[in-house]
Amino acid sequence: MAGKPRSGCEALRVVARCRPMSRREEAAGYERVLELDVKLGQVSIRNPRAAPGEMPKTFTFDAVYDASSKQTDLYDETVRPLIDSVLQGFNGTIFAYGQTGTGKTYTMQGAWGDPEKRGIIPISFEHIFTHISRSQNQQYLVRASYLEIYQEEIRDLLAKDQNKKLELKENPETGVYIKDLSSFVTKNVKEIEHVMNLGSQTRSVGSTNMNEHSSRSHAIFLITIECSETGPDGEEHIRVGKLNLVDLAGSERQSKMGTHGERPKEASKINLSLSALGNVISALVDGKSTHIPYRDSKLTRLLQDSLGGNAKTIMVATLGPASHSYDESLSTLRFANRAKNIKNKPRVNEDPKDTLLREFQEEIVRLKAQLEKRGMLGKKRRRSSRRKKTVDGESATENEGEDDNEDGLEKNMENYLKEQKERLEEEKAAIQDDHSLVSEEKQKLLQEKEKMIEDLRKEQEATELLATKYKAMESKLLIGGRTIVDHTNEQQKMLELKRQEIAEQKRREREMQQEMLLRDEETMELRETYTSLQQEVEIKTKKLKKLYAKLQAVKAEIQDQHDEYIRVRQDLEEAQNEQTRELKLKYLIIENFIPPEEKNKIMNRLYFDGDEDQWKFQPLVPTGGNSSQMKRRPTSAVGYKRPISQFARVAMAMGSHPRY
C-alpha cells in the first residue's frame, strides 16, 4: 500500500489501569499491593512476601489510571488522538493486556447500556461517525470485520459457518491479511454496533476461578475507513486508515484456574500465544536480534504492523491490586515496561490500489450514465439544484435534497414510462379504427404494438432495478456535513477541542514532572555543601544506605526474574507435555488403524506450506490454476530447524485436515 512518511519513528504508547478490589478479594482479606501516582504516571508494587525494609518496585508509563478513573478520561487523554490519526489515513491499534479478571474487556467494551461506562470500542464508533458528519467535501466508506483467535485457529465471528477456519496470507503491498474474512459496510453508529453485537454473541467465553466471564480467545474488531477528497491538483485522492481494536484473552496460571476439561487446554494455547507476543516485544527492544519471531503465533502475525511497523499503537496494561495477584501484576508491569521501548514507523496510506471506495465511485458513475441514457437523471438534477439554493438566507438541509433526489428519480421514471405507454396505446387504438387496412395488415401492426408494449414493460422493470441499485450504492457512501445543524456542530467542535487541550496539558505536565524528578536526582550532589566533617559523614552514610538499598532491590529483581523464568518454563513444559500426549495418541491411531499403503499415500500427498507455516495435503485432482501444486514440494521447508519424522508429519496433517 502506498504511503507517505510523516513523523518518522514513534514510540508505542503504554498506559496502566488498575481495577478496584473485588468483593471476593475484600472478603478473603487480601491486602492491596499496588499504589498509583496519576500525576507522575507511576505504578509502585510491593511484594507481600518481602522482608521488612525492602523497597517497592516502581514503573513509569505514559499515563496511569487508578480505580476511580472514568472511561472517558482514558479515551480523551489517550485514545482520541489515535482515532483522529486513523481518520487522517494512518493505521492504528489499541490492545489491552493483563491477567484474566483485571478489566480488559471492560476497558475495551464496557457496559454498552450505561453512557458513563461505555468502553473504548463504543466511544470510538461515535467519534468516527461524528467526525464524518462534520467534515466537508469528503466521501467516506466505513467497513467492519470481527474475528477471534481460539486455540490458534482464526474464526470469522460474522460468518454463517462458524466452524470454518480462515487462513493467513501476506501481500507485499498491504501486508498480512485474512483470506475470505467477511466485511460489512456500515453507515452509522447503530449499524456498526449491530455488527459488533452479532459477533460478540458467538465469541468464546467461559468461567474460571479467576473470572466468571473469562474471554477464552483473542478478539479483533477491525474498522477500515476510506476517505475520498479532491486535492490541490484537482484530482480525487483516497486515504485508507485501519483501526484494530484488540481484546486479548487473559494470561493465567494453571494452578489458580481450578478448571477441568477444555479450560486447561485453552489456557495453554492462550499462554503460548502471549508468550510469543512477549518474545516479539523482547526481540524488537533488544536491538541485537536479527530475526523477529512474528510467525510463532497467529496473534503476532496479525499484529506485525502494530509492533514495529506501519501503525500507531496503544497498549493498556490492566492490573489487579490484591496481594494474591502479585506475581501476575508484576509480570504485566514488566511486559508493559518492555513494550514502551518499541518504535513504530507510521505513515499515511494514500492512494492505495485496492480501495473499495474507488470501486463504489466507479460503479455509481457507470449506473448514473446508464440512467442518463434512459433519460432519468436530467430533470432530477435540475430539481435537486433548485432545492439546494438558499431560502431566507439559510441553506436548505441536505436531507431534503436527498429525499427530493430520490423522489425526482422515481417521478421522472414514472412519467417517462407513462408517456411511452400512452403513446403506444394511442397508436394501437388508431390502427384498430383505421378501416382502410386489411385485416392481416391490421393484425400484424397490432402484434408489433403489443410487442413494443411488452418491451416497454421489460424496460420499466430493468430501469426500476437499475435505479434501486444506484440508490443502494449511493447510500453506502457517507458525505461529510450532512444531518448536523451548523450552530450545534460548531459548539460540539469547540467542546472537543477544549477537552483535547486539557488532555494535552495533563500529558505535558506529567512529562515535565517526570523530567524534573530525573534532573533533581542528577543535580543533588552538585548542590550539596557541608559545614563540618561530621555532617559530611552523616550525609554520605545516608547515601551509602540508599545505594545499598538499591543494590538489594536489584538483587531482589534478579531473583524475581529468575523465579518468573522458572514459572514460565514450567508452564511451557506443561504445554509441551500436553502436546506430546496428543502426538502419541495420533501415533497409536496411525499404527493401529491406518494400513501401511494408506499411510504411504498420505505421505506422498504431504507438503509444507511456508506461508501458513503448516503441513497440508496436495489435492487428489488438479484444479484450474493449481496444477503447479501437484508437483512434489520439499518437506524440509524453511521454518524447520531440524528434520521431522514421517509419523509426526502424518499426525500434524491429520490434526489440521478436515477429512481426519
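The table for this structure:
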read-out: Residue-normalised accessible area of the range 27-67, expressed per residue, 1.4 Å probe, Å²; value: 54
read-out: Amide N proximity, the range 70-94 versus Ala111 label position 7 Å along Cα-to-Cβ, cut-off under 13 Å; value: 71
read-out: Listed residue pairs exceeding 22 Å between alpha carbons, taken from Lys187/Lys298; Lys39/Lys540; Lys39/Lys340; value: Lys187/Lys298; Lys39/Lys540
read-out: Inter-site label distance for Gln534 and Leu517 at 7 Å from Cα along Cβ, in nm; value: 3.6
read-out: The range 142-192, accessible surface, carbon-and-sulfur percent (1.4 angstrom probe); value: 46
read-out: Fully extended contour minus Cα-Cα distance, from Leu181 to Lys160, at 0.36 nm per residue; value: 6.4 nm
read-out: Asn171 versus Leu620: modelled label distance in nm, points set 7 Å from Cα along the beta carbon direction; value: 3.4
read-out: Gained length - Ser289 relative to Glu191, 0.36 nm times residue gap less alpha-carbon distance; value: 30.8 nm
read-out: Segments 570-583, 221-234, 61-74, 294-307 sorted - mean Cβ within 10 Å per residue, highest first; value: 294-307, 61-74, 221-234, 570-583
read-out: Rh (Kirkwood; distinct C-alpha pairs) - the range 26-130, Å; value: 16.0
read-out: Solvent-accessible surface (1.4 angstrom probe) belonging to Met21, in square angstrom, nearest 10; value: 40
read-out: Heavy-atom SASA rank of Lys451, Lys543 (probe 1.4 Å, accessible area, largest first); value: Lys451, Lys543
read-out: Computed E for Val568/His237 - FRET, C-beta separation, R0 60 angstrom, nearest 0.05; value: 0.80
read-out: Val86, Val568, ranked by accessible area, largest first (probe 1.4 Å); value: Val568, Val86
read-out: Packing rank of 499-508, 96-105, where each peptide gets the mean count of other beta carbons within 10 Å, highest leading; value: 96-105, 499-508
read-out: Pairwise label distance in nanometres, Arg46 with Gln561, each label 7 Å out on the Cα-Cβ vector; value: 2.6
read-out: Full-stretch length increase - Thr230, Glu350 - with 0.36 nm per residue and alpha-carbon distance subtracted; value: 41.9 nm
read-out: Candidate residues Glu425, Glu419: accessible-area rank, largest first, probe 1.4 Å; value: Glu419, Glu425
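The values are calculated or read from the model by the stated rules, or taken from the named source; none is laboratory data. As the structure is a prediction and not an experimental result, all values here were calculated from the model. Glycine also receives a Cβ, built like all others from the backbone with ideal geometry; neighbour counts cover every protein chain displayed. Note: areas computed on protein heavy atoms with side chains; ligands, DNA, RNA excluded. Shrake-Rupley method; radii C 1.70, N 1.55, O 1.52, S 1.80 Å.
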